[in-house]
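Notes for the one structure printed next.
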Amino acid sequence: MDKLYRIADSNGLAIEVAVSGSRIWRYRYRYNNKATMITLGHYPAMSLLDARQARDASRQLLIQGINPKETKSKETLNGKSFSNVFVEWHNNKKDEWSNDYANDVKQRAECYLLPFIGSKLINEVTTPDMLGLLKKIEQRGLLDTLEKIKGIASRVFSYAVGMGCITVNPVRDLPRDVFKKKNQQHYSTITDPKEIGFLLRTIDGHKGSYQVRTALILAPHLFLRPGELVGLTWNEIDFNDKLIRIDGERMKMKLSHIVPLSNQVSDILRELSRIQTGSQFVFPSPMNKNKSITTASLLNSIRSLGFNKDQFTTHGFRHMASTRLNELGFKDDVIERQLAHTQSNRVRAVYNHAEHLDERIDMMQQWSDYLDKLKGTIVNK
């Protein structure tokens, strides 16, 4: 080989191979409309994954209007910026999370943390810095956001402690008493049997698309989370065993989940399967068969039926089921497992998604029968 050459990876990352054979990770970008390039590290000491994480950290700085080359110079002497450590932590944890949760964490950090402390060296971020940042969120009345941002920041700093970047987590020593307490709020729901019957009859009369109408009809029977419901695919439905099997990737806490199909639900899904949509989704979008309907479409339909936010939400189906099933005398462990609430022992939970399955099969059939009774429908078994 008689000259230097580069092999591109993606988003500006490339590996540069010198005449001597040494290999260096480079990141090319534009700052103030000028093309520039920085060195990220040497291969194989820096792996491809590490190089991509370093590139992503630089891209986060660019979003904030910061030149990564200047930050890189500081890091060489002093350590890593908060933004760099956040990207490392996020990349390290995101495989354990659902895609929606991973995106939520990233978006919250980009909105409330990185613009203010992202460019600071992580060992220079102090407890007063974090107090001031969080107090600004509190002053806007965003108490729920305050708790989430405080939690994200604390986990990033804890990661930095574990990685030897810092010795003290500056969020850890912030007492709860310095912030206003958030009023505990629950999703609006309906638990009175007569009102449940009215809700079910109203949903039956919905005049929207068949996809949204059917999803709303099934929602009280399945009490899945809205995102889990709208994203149902036909390969998750087993008509022979009368089960829905959802892979952990689609669940909130990435644990596989099973939903027994009552006779009523099975009949509705079989009828729905006769509609030739060419889509993998049970509730395909009318605009694009390669996408499902959205959770917003469910909520908008509930609002169009006359139920305001103080009366009912899409999450309300889960709370309605939980409350009534407990009052009907079903075992708490069976209800909690069917609601896919995470156990404190996560390792045990991984292997027990079919726990209490016989009891859950019976409970789900009795629940569908109960809903039909409240609605005033004659059940044919």
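The values are calculated or read from the model by the stated rules, or taken from the named source; none is laboratory data. These numbers come from a predicted model, not from an experiment. Cβ: placed from backbone, ideal geometry, glycine included. Neighbour counts: every protein chain shown. Quick note on the areas: whole protein, heavy atoms, side chains included, nothing else; ligands and nucleic acids left out. Shrake-Rupley method; radii C 1.70, N 1.55, O 1.52, S 1.80 Å.
If residue 218 meets every condition in (1) farther than 25 Å from residue 324 by Cα; (2) buried (at least 21 other Cβ atoms within 10 Å of the Cβ) apart from one, which number is that one?
The failed condition is (1).
Can you name the number of the only condition in (1) assigned to a strand (DSSP E or B); (2) touching a Phe, Trp or Tyr at 6+ places or on another chain (Cβ under 9 Å); (3) open to solvent by 70 Å² or more (accessible area, probe 1.4 Å) that residue 11 fails?
If we test residue 11 against (1) assigned to a strand (DSSP E or B); (2) touching a Phe, Trp or Tyr at 6+ places or on another chain (Cβ under 9 Å); (3) open to solvent by 70 Å² or more (accessible area, probe 1.4 Å), just (1) comes out false.
Name the pairs whose Cβ atoms lie under 9 Å apart, with the first residue in the stretch 238-258 and over 12 Å from residue 101 (Cβ atoms), the second acidic (Asp, Glu) and open to solvent by less than 70 Å² (accessible area, probe 1.4 Å), and 6 or more positions between them or separate chains?
Close Cβ pairs (under 9 Å, with a partner that is acidic (Asp, Glu) and open to solvent by less than 70 Å² (accessible area, probe 1.4 Å)) amount to 244/236; 244/238; 245/236; 245/238; 246/228; 246/236; 247/236; 257/228.
Just name the residue that is nearest to residue 217 (Cα to Cα) out of those in the stretch 291-316 that are surrounded by 16 or more Cβ atoms within 10 Å (Cβ to Cβ), under 19 Å from the mean Cα position of the chain (by Cα) and aliphatic (A, V, I, L, M).
Here the residue is 298.
The rows are residues; the columns are (1) open to solvent by 40 Å² or more (accessible area, probe 1.4 Å); (2) among the hydrophobic types (A, V, I, L, M, F, W, C); (3) touching a residue at least 40 places away in the same chain (Cβ under 8 Å).
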{"site": "95", "(1), (2), (3)": "yes, no, no"}
{"site": "110", "(1), (2), (3)": "yes, no, yes"}
{"site": "118", "(1), (2), (3)": "no, no, yes"}
{"site": "123", "(1), (2), (3)": "yes, no, yes"}
{"site": "127", "(1), (2), (3)": "yes, no, yes"}
{"site": "164", "(1), (2), (3)": "yes, no, no"}
{"site": "167", "(1), (2), (3)": "yes, no, no"}
{"site": "175", "(1), (2), (3)": "yes, no, no"}
{"site": "180", "(1), (2), (3)": "yes, no, yes"}
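Residues in the stretch 208-243 that are in a loop (DSSP other than H, G, I, E, B) and out of contact with any Ser or Thr (no Cβ under 9 Å at 6 or more places or on another chain): how many? Before the answer, list the steps.
Keep residues of the stretch 208-243 that are in a loop (DSSP other than H, G, I, E, B), which gives 208-209, 223-225, 231-232, 239-242.
Cutting the leftovers down to out of contact with any Ser or Thr (no Cβ under 9 Å at 6 or more places or on another chain) gives us 224, 240-241.
Matching residues across the stretch 208-243 total 3.
So in the stretch 32-60, with the set limited to residues that are more than 34 Å from the chain's Cα centre (by Cα) and hydrophobic (A, V, I, L, M, F, W, C), which one is surrounded by the most Cβ atoms within 10 Å (Cβ to Cβ)?
My answer is 37.
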